[in-house]
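The values are calculated or read from the model by the stated rules, or taken from the named source; none is laboratory data. On a predicted model such as this, the values are computed, not experimentally measured, just so you know. Virtual Cβ from ideal backbone geometry, glycine too; neighbours counted across all protein chains shown. Surface accessibility is based on the protein's heavy atoms, side chains included, excluding ligands, DNA and RNA. Shrake-Rupley method; radii C 1.70, N 1.55, O 1.52, S 1.80 Å.
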Amino acid sequence: MNTAESGEAMNSGGAADATASAGPADAELSVPTAASPPTPANAPHSPTHPGAPTPSPHAIRRQRHDVAERPFIVIWESTRACPLACLHCRAEAVPGRDPRELDTAAAQDLLRQVAAFGQPAPLFVITGGDPFQRPDLAELIAYGREIGVRVAVSPSGTPTLTAERLGELHAAGAVGLSLSLDGSTADIHDTFRGVPGVFRWTLDAWDAARALGMKAQINTTVTRRNLHDLPDIVRLVADHGAMLWSAFFLVPTGRGRALGALTPAEVEDVLNFVHDVGLTVPAKTTEAHHFRRVALQRQVLAATGDDHVAVLGLGPLYRELRARAAELGLDAGERRARRPPLDVNAGRGFVFVSHTGTVHPSGFLPLGAGSVRATPLTSIYRTSPLFTALRDPDMLGGRCGACEFRAVCGGSRSRAYGVTGDPYAEEPWCGYVPGSFPHQRELAALLSARPPLRPRPGNARAGKEQRVRHDR
């Protein structure tokens, strides 16, 4: 399975860079958000002074449309057929295609159901398995373009991922693609993907996509196996060029159950690292919704002049990742404007359709809400008790239910379900103690969408008495 967002997925301004994740991230190739207009790929940055990023007008981007009425992105698992054997695979992909898959006519009907949400239609991402195993892939992309649905593709890194095939998709109207890169070397990446040569095939496809002018998102699954390689992966993304880098935080489903979990403290360190490198490459997370909390906290701390390492209680992994990033020159050169994360979550701006047509809030949340073969997707998304409950923050339990960030975060509902069996349980990979952030007044101003805080000049203050508390 190839992960990409979502949800947070490809760009509209958060959901319109190319993204293809089975779980919510900020989708990047979707409809514009109210918080920020779309930015052209490779657009020049105009800092206020050399090397300084322009402050973001909003810490969090919100969707322009009512998320109860329409999703930001629709992910379709077109097949489970895939020649790879990835260690984290949600779908537990198999070599051959399932005869129960949506055929061409049923897939075209699904595209019409997506168009029925209204224009601009949600971004439609074709993933798998490996969508290149479907001979009608280009035909479906062309049909989507014909009826006003923008289509992106999330293929697997296999020998079928050739420049010729990518050219066919580009000619058919694909607006972008996402590729997975789980290591900075062939040894790391190919071991994770289970097949030798995947690293080289992925880089070749990346080059081919850039030559065609296709938007490319690079997705990295964050696991204990590649934690210390993350700065080197970012260096590769920066050197090679991509519209977006997405750090996907593993959900224990499918084969991914066998991979070791990160601790909440490690996750906090990585989230802050992703925030930092957002000044070097456009960066987001998938299935780590507390990244939005981190973005808000970091914006407040930049405005107050506090040392984020001390206040947030960041640990040795953060320091190691930052030191390696400095060694690789990721802190040098002109800085870009940081990309604010998009407020999207399972069932709230995000919907997943399986290869057989069943509908789920996320590809990593295996609770069904119906089938597009029997009920229109618009009806399932808008009225399903599962979807409507997931959009209600009052349903959240544990620390998530008590948290001041719950309306903009909500935690990974997929991970909560995967770990506890309860989709409304607290996020297992978040250790934040609600109410412990020391600048609640400034935070409330951001959460109420008041004018943004501006960083104070001068060095950060270290040794703040009040610190964020974490359950570790």
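Below are the figures for this structure:
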{"item": "Filter result for GLY213 (closer than 30 Å to TYR318 by Cα and at pLDDT below 95)", "result": "no"}
{"item": "Test result for ALA68, open to solvent by less than 80 Å² (accessible area, probe 1.4 Å), assigned to a loop (DSSP other than H, G, I, E, B) and modelled with pLDDT of 60 or more", "result": "yes"}
{"item": "Test: ALA303 is modelled with pLDDT under 95, over 22 Å from the mean Cα position of the chain (by Cα), not polar (S, T, N, Q) and not in a loop (DSSP other than H, G, I, E, B)", "result": "yes"}
{"item": "Residue that is most open to solvent (accessible area, probe 1.4 Å), among those in region 317-335 that are within 13 Å of ARG235 (Cα to Cα) and of a type in the set (D, E, K, R)", "result": "GLU327"}
{"item": "Selection status of LEU342, under 22 Å from PRO264 (Cβ atoms) and of a type in the set (A, V, I, L, M)", "result": "no"}
{"item": "Whichever residue in region 183-200 is modelled with pLDDT of 90 or more and over 23 Å from LEU317 (Cα atoms) and, among such residues, is least open to solvent (accessible area, probe 1.4 Å)", "result": "PHE199"}
{"item": "Looking only at region 373-391, and only at residues there that are over 15 Å from PHE352 (Cα atoms) and aliphatic (A, V, I, L, M), the one that is surrounded by the fewest Cβ atoms within 10 Å (Cβ to Cβ)", "result": "ALA374"}
{"item": "Qualifying residues in region 87-105 (those that are out of contact with any strand residue (DSSP E or B) (no Cβ under 8 Å at 6 or more places or on another chain) and at pLDDT below 85) - the one nearest to ARG391 (Cα to Cα)", "result": "ARG90"}
{"item": "Top-ranked residue of region 356-368 - restricted to ones that are at pLDDT 95 or above and open to solvent by 10 Å² or more (accessible area, probe 1.4 Å), ranked as nearest to the chain's Cα centre (by Cα)", "result": "HIS360"}
{"item": "Scope region 313-367; condition touching a strand residue (DSSP E or B) at 6+ places or on another chain (Cβ under 8 Å), of a type in the set (S, T, N, Q) and closer than 15 Å to SER414 by Cα; matching residues", "result": "SER362"}
{"item": "Selected residue (criterion: modelled with the highest pLDDT) from residues of region 425-472 that are in contact with an Asp or Glu (Cβ under 7 Å, 6 or more places away or on another chain), surrounded by fewer than 16 Cβ atoms within 10 Å (Cβ to Cβ) and of a type in the set (A, V, I, L, M)", "result": "VAL433"}
{"item": "Test: residue in region 100-115 that is within 24 Å of THR285 (Cα to Cα) and either among the aliphatic types (A, V, I, L, M) or touching a Leu at 6+ places or on another chain (Cβ under 7 Å) (or both)", "result": "no"}
{"item": "Lone unmet requirement of (1) touching a Ser or Thr at 6+ places or on another chain (Cβ under 9 Å); (2) farther than 21 Å from ARG339 by Cα; (3) open to solvent by less than 20 Å² (accessible area, probe 1.4 Å) for ASP306", "result": "(1)"}
{"item": "Test: residue in region 337-345 that is open to solvent by 30 Å² or more (accessible area, probe 1.4 Å) and in a helix (DSSP H, G or I)", "result": "no"}
{"item": "Selected residue (criterion: modelled with the lowest pLDDT) from residues of region 403-424 that are among the aliphatic types (A, V, I, L, M) and open to solvent by less than 20 Å² (accessible area, probe 1.4 Å)", "result": "VAL408"}
{"item": "From the options HIS228, HIS240, HIS290, residue that is within 27 Å of PHE405 (Cβ to Cβ) and either under 18 Å from the mean Cα position of the chain (by Cα) or surrounded by fewer than 20 Cβ atoms within 10 Å (Cβ to Cβ) (or both)", "result": "HIS290"}
{"item": "Cβ pairs under 8 Å, 6+ apart, first in region 168-182 and at positive phi and at pLDDT 95 or above, second surrounded by fewer than 24 Cβ atoms within 10 Å (Cβ to Cβ) and of a type in the set (Lys, Arg)", "result": "GLY173/ARG145"}
{"item": "Boolean, ALA374 is in contact with a helix residue (DSSP H, G or I) (Cβ under 6 Å, 6 or more places away or on another chain) and part of a loop (DSSP other than H, G, I, E, B)", "result": "no"}
